Amino acid sequence: MIGAVAHRPSGTDASSRTRGAPGRPDDRRILAPGVVIDGATKRFGAKTALDDVSLTIEPGSFLVLLGPSGSGKTTLLRCLAGIERLSAGRIAIGDRLVADGERHHVAPERRDLSMVFQDYALWPHLTAEQNIAFAIARLRLPKSEAARRSRELLGRVGLAGLGERFPNELSGGEQQRVSLARALAAGTGLLLFDEPLSNLDAGLREGLRVEIATLAREAAATSIYITHDQAEAFALADRIGVLHGGRLVQLGTPEDVYLRPVSAFVAQFTGLAGALRASTEGPTGPNQVRVRLDAVDAHAVAVAPAARDAAAGTPGRLMLRHAAVRLAPPSESGIVARIADTAFRGRGYDHAVELPWGDRLVGIHDERRWSRGDTVCLSLDPAACFFFPDDPPPHGAESRSAAVSPAPDRPWPGPQAS
């Protein structure tokens, strides 16, 4: 069962892998494998779920694959785990080639990895401590030591004293903590997370997210985590890979993805206040273009867009991050708008703003509470605005801009099949 344990590769015994409990000094960082994915393609009949995805994950790093339903993120994780076979492309974990199209496929239990599922996947007839001990059994430790480690891991995930409970006696959050402890107990250097927080209440998600981030890094494991929640991705990741339609459209740090989206899709999926029709007036500097809002003849804004080479007069959308919009009392400058809704958020207020021509901007934060129906003036911060032309990029342009898709004749950077 991959959620509990994957078998050790042949030629490696327990004595050569000195993995202690999380937080204990040992050589785990050296043993955490890198992962190379090259041209990964997966077809289900006529449907292509993964389309030529390539990326390299450094040992000990935390990668989040972010995308909507149907983007290919789950399929990619399942191919990496060995649950699905690639139609084309290659995957290497450390120095082992584990997949080479349909020609070579290493079974899940031989890939030396652990997986945390969104539905917990605990053995219902085993207690919490026994579920963890099942994973520890691969290390061939004495029973007393295995029991000690199980109890220690239960304590690390905040479940000390609950080891004798069965899964049906635990809450959803407690079951997912057992699942996390079991994955860490297996002593593998590669952890896969299949939307582990999606079934939990909002109040539990944040606490468990912090624990996942902390424990995975304490274990110095290479971690790959999938989610459709951009806030979760930005909070967890060293790097984020954004998937859309089976393709990897951007790969970078959370800051890169948020501040420099390569496409309208990436900008929209990672959080916008809204998008306004606009057209370009021409460049104003090396990385800026001036755009004019279609509905407000007198209002123009200089932005650092993804499409800075767009010719003057190019129509498109001006996309606004929440931080781009500032509210002020009515004045002669700025865009006049009306407050449509106000929501208290503890740290201040989020506002929905209705523009005179019918567009609406949401999630506009201000420490001041503006009342519904108030007239305000909006000013725009160019640093949080992006302009994208209407014409979509040619097929594959997004992946090329992410600098991750290989040329067809690029040498395979990973190991060969043994």
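List of remarks:
For (1) more than 26 Å from the chain's Cα centre (by Cα); (2) charged (D, E, K, R); (3) more than 25 Å from D238 (Cβ to Cβ), each residue gets a yes or a no:
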{"position": "L66", "(1), (2), (3)": "no, no, no"}
{"position": "T74", "(1), (2), (3)": "no, no, no"}
{"position": "I83", "(1), (2), (3)": "no, no, no"}
{"position": "S87", "(1), (2), (3)": "no, no, yes"}
{"position": "A99", "(1), (2), (3)": "no, no, no"}
{"position": "R111", "(1), (2), (3)": "no, yes, no"}
{"position": "N131", "(1), (2), (3)": "yes, no, yes"}
{"position": "S144", "(1), (2), (3)": "yes, no, yes"}
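- Filtering region 84-96 to residues that are surrounded by fewer than 19 Cβ atoms within 10 Å (Cβ to Cβ) and either modelled with pLDDT of 95 or more or in contact with a His (Cβ under 9 Å, 6 or more places away or on another chain) (or both) leaves R85, S87, A88.
- Filter pass, T56 being more than 23 Å from F234 (Cβ to Cβ), among the β-branched types (V, I, T), surrounded by fewer than 18 Cβ atoms within 10 Å (Cβ to Cβ) and at pLDDT 95 or above: no
- From the list G155, G173, G163, the one residue that fits, being surrounded by fewer than 24 Cβ atoms within 10 Å (Cβ to Cβ), under 28 Å from L80 (Cα atoms), in the same structural domain as Q130 (by TED's automatic domain parsing) and not hydrophobic (A, V, I, L, M, F, W, C), is G173.
- Residue in region 47-57 that is assigned by TED's automatic domain parsing to the domain that holds A186, under 14 Å from G246 (Cα atoms) and acidic (D, E) present: yes
- Considering residues of region 234-290 that are modelled with pLDDT under 95 and among the basic types (K, R) only, the residue surrounded by the most Cβ atoms within 10 Å (Cβ to Cβ): R290
- Residue in region 77-88 that is closer than 25 Å to A49 by Cβ, touching a Cys at 6+ places or on another chain (Cβ under 8 Å) and outside any helix (DSSP H, G or I) present: yes
- When S171 is tested against (1) more than 27 Å from the chain's Cα centre (by Cα); (2) of a type in the set (S, T, N, Q); (3) modelled with pLDDT of 85 or more, only condition (1) is not met.
- Search result, residues across region 177-199 that are within 15 Å of A137 (Cβ to Cβ) and out of contact with any strand residue (DSSP E or B) (no Cβ under 9 Å at 6 or more places or on another chain): A181
- Flag for D256 being closer than 26 Å to A32 by Cα and free of Cβ contacts under 8 Å to residues at least 60 places away in the same chain: yes
- Among the candidates D100, D119, residue that is of a type outside the set (G, A, S), modelled with pLDDT under 90 and surrounded by fewer than 24 Cβ atoms within 10 Å (Cβ to Cβ): D119
- Number of the exception - H105 against (1) in contact (Cβ under 8 Å) with a residue 24 or more places away in the chain; (2) in contact with a strand residue (DSSP E or B) (Cβ under 8 Å, 6 or more places away or on another chain); (3) farther than 25 Å from S198 by Cα: (1)
- Checking each residue in region 259-284 for being in a loop (DSSP other than H, G, I, E, B), within 16 Å of G241 (Cβ to Cβ) and in contact with a His (Cβ under 6 Å, 6 or more places away or on another chain) picks out no residue at all.
The values are calculated or read from the model by the stated rules, or taken from the named source; none is laboratory data. If you're wondering where the values come from, they're calculated on a predicted model, not measured in any experiment. Note that each Cβ is placed from the backbone with ideal geometry, even for glycine, and that neighbours are counted across all protein chains shown.
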